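Quick one: this structure, given as structure tokens, is what I'll be asking you about.
Bear in mind that the values in this text are calculations on the coordinates, not laboratory data. Because the structure is predicted, anything quoted here is derived from the model rather than measured. For neighbour counting, all protein chains shown are included, and Cβ atoms are generated from backbone atoms with ideal geometry for every residue, glycine included.
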Amino acid sequence: MTQLSLAYIFQHQKLLVDENFQLPKVEKLASDLPIHQNDQVIARDLLEDEAIPEGYQLIPIRELIQSWSSSDFLQASRAVQLLEWRRNHKFCSHCGHATEVHAKEYAMVCPACAYHQYPRVQPCIITIITKGDNEVLLAKSAHNKSNMYGLIAGFVEVGETLEEAVQREAFEEVGLKLKNIRYMSSQPWPFPSNLMIAFHAEYESGDIQLQLEEISDAQFFKFDQLPEIPFKGSIAHNMIMQMIDSKTVA
Ligand SMILES: [Zn+2]
């Protein structure tokens, strides 16, 4: 009997699940990407013109995060990022020749010039800025129509340390200087391929000045008077909850 593999079948950022949000089990194809070495978990692209199997549906992974455990989320995140990487590296970025999938490692290899393209993650800092014992800075994105207030975040630039990125983003987006910058945790965030690196920092000086292209409002909120915050499962939500718990217990 053929052994079936648990399959992460994605159409871009949407995952194929049954009506109970369970993954399908499939016979492995040569074109599948193994997610575990034993082939028991694979990832596969569902093309736009392929039919959705009966009893199944495509759900955006953003919506699934809230009901998943963090290990489920990490595995799905790995699957979607590897598929995206494979889809975007069909040609050699050095000489333009069509690439081939490496037999043993995650690499797209150019048969003409031997250039290897590996999956890359984009480091992205996210900072929870506190003032005193019971206030947190939350900012509303100018790109988002909702009323949700999140944390200051942005990509790390070439040649910059993580702490410099934290200071630069806070100064650019809200005009504040920070002190006591400390690492908290990290989370892969597959939209499309970021590694969110979380920091806590304390307010040092400055008045809030918004970078209007990015931020439509930012304020220090008291812990017991928070506005709408990012959804459960997001690193921002965890950071805010962790901060409130630690300050309340202390
Ligand atoms: Zn090449």
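Sort Arg62, Arg87 so the one with the fewest other Cβ atoms within 10 Å of its own Cβ comes first.
Placing the least packed residue first, the sequence is Arg87, Arg62.
Assuming R0 = 35 Å, what is the FRET efficiency of Arg120 and Lys25, from their Cβ-Cβ distance, to the nearest 0.05?
With a Förster radius of 35 Å, E is 0.70.
Also, quick follow-up: Which length gain, in nm to one decimal place, applies between Cys95 and Gln40 when the Cα-Cα distance is subtracted from 0.36 nm times their residue separation?
Full extension of this stretch gives 16.3 nm more.
When only Cα pairs under 8 Å and 6 or more residues apart are kept, what is the percent relative contact order across segment 122-194?
Across segment 122-194, relative contact order equals 30 percent.
Below 18 Å, Cα to Cα, which aspartates and glutamates can Lys131 reach? Residues fewer than 8 away in the same chain don't count.
Here the aspartates and glutamates satisfying the reach criterion relative to Lys131 are Glu169, Glu173, Glu202, Glu204, Asp207, Asp217, Asp224, Asp245.
Which whole-number percentage describes the relative contact order of segment 151-250, with Cα contacts under 8 Å and a sequence gap of 6 or more?
21
Here's a follow-up. Mean separation of Cα pairs under 8 Å and 6+ residues apart, divided by the residue count of the chain: what relative contact order is that in percent?
16
Place a point 7 Å from the Cα of Cys113 along the Cα-to-Cβ direction; which residues of segment 84-101 have their backbone N under 19 Å from it?
The answer is 88-101, whose backbone nitrogens lie closer than 19 Å to the label point.
Let me ask something additional. For the residues Met196, Met239, Met184, what sequence is obtained by ranking on other C-beta atoms within 10 Å, fewest first?
Final ranking by Cβ density, sparse to dense: Met184, Met196, Met239.
Still on this structure, I have one more. Could you work out how far helix 70-88 tilts from the main Cα principal axis of the chain, as a 0 to 90 degree angle to the nearest 10?
60
As a test of the formula, what do you get for the chain when each DSSP H run with n ≥ 4 contributes -39,500 (n - 2.57) and the sum is divided by the residue count, at 222 nm and rounded to the nearest 500 deg cm²/dmol?
After summing the helix terms and dividing by the residues of the chain, the value is -6500 deg cm²/dmol.
Now for a different question. What's the magnitude of the charge dipole for the chain around its Cα centre, counting Lys and Arg as +1 and Asp and Glu as -1 at the beta-carbon? Answer in Debye, nearest 20.
Taking the Cα centre of the chain as origin, the dipole is about 380 debye.
Going by how many other Cβ atoms sit within 10 Å of their own, how do Lys145, Lys90 line up, fewest first?
Lys145, Lys90
Another question, if that's okay. What's the angle, to the nearest 10 degrees (0 to 90), between helix 162-174's Cα axis and the longest principal axis of the chain?
Value to nearest ten degrees: 60.
With everything on Cα atoms, drop me the angle between helix 235-249 and the longest principal axis of the chain, reported from 0 to 90° to the nearest 10.
The angle comes out near 40 degrees.
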